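Below you'll find the structure, written out as structure tokens, and then a few comments.
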């Protein structure tokens, strides 16, 4: 089942169960999907774009939660973290740090990267191959560690 359809089904279930936290997160996700469709003019958005949207929304929620925590607003931080957790259910299984490092080492060997000058090549391939299974910051950190 496509992610947009799964979100619609889960949204209906959250409405029936009156689960406010889940409902807010799913409404935001559905809205983001609708905006992406209208921007491209396509009838459907690709699976890859769906994952990017979910990752973007999770990152926004986590950043907001950190900001709220820094300003002693734990109630709002908890709400944002809860929504991020709901959205995380729509991502594929995330790679462990060890799995991520192994995958990136294989990519480094594949492109024969030897120094930080080759970081762009490695990041381009790694970002495509690992889309949805690891966030960009984690990928970047591991690539820097390996190429340094």
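In region 124-137, which residues are assigned to a helix (DSSP H, G or I) and either touching a helix residue (DSSP H, G or I) at 6+ places or on another chain (Cβ under 6 Å) or more than 17 Å from residue 55 (Cα to Cα) (or both)? Answer for region 124-137, where residues must be assigned to a helix (DSSP H, G or I) and either touching a helix residue (DSSP H, G or I) at 6+ places or on another chain (Cβ under 6 Å) or more than 17 Å from residue 55 (Cα to Cα) (or both): 124, 125, 126. Under the condition of being over 22 Å from residue 6 (Cα atoms) and touching a residue at least 40 places away in the same chain (Cβ under 8 Å), the residues counted in region 54-79 number 1.
Rundown of residues vs (1) under 11 Å from the mean Cα position of the chain (by Cα); (2) in a loop (DSSP other than H, G, I, E, B), yes/no style:
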| site | (1), (2) |
| --- | --- |
| 44 | no, yes |
| 52 | yes, no |
| 58 | yes, no |
| 63 | no, no |
| 75 | no, no |
| 81 | no, no |
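The number of residues in region 102-120 that are part of a helix (DSSP H, G or I) and either surrounded by 16 or more Cβ atoms within 10 Å (Cβ to Cβ) or within 17 Å of the chain's Cα centre (by Cα) (or both) comes to 5. In region 37-54, the residue that is modelled with the highest pLDDT out of those that are buried (at least 18 other Cβ atoms within 10 Å of the Cβ) and more than 14 Å from residue 86 (Cβ to Cβ) is 53. Looking across region 60-82, just one residue is under 26 Å from residue 129 (Cα atoms) and loosely packed, with under 15 Cβ neighbours inside 10 Å, and that is 63.
The values are calculated or read from the model by the stated rules, or taken from the named source; none is laboratory data. In this text, all values refer to a predicted model and were calculated from it rather than measured experimentally. When we count neighbours, we look across all protein chains shown, and the Cβ atoms used for this are built from the backbone with ideal geometry, even at glycine.
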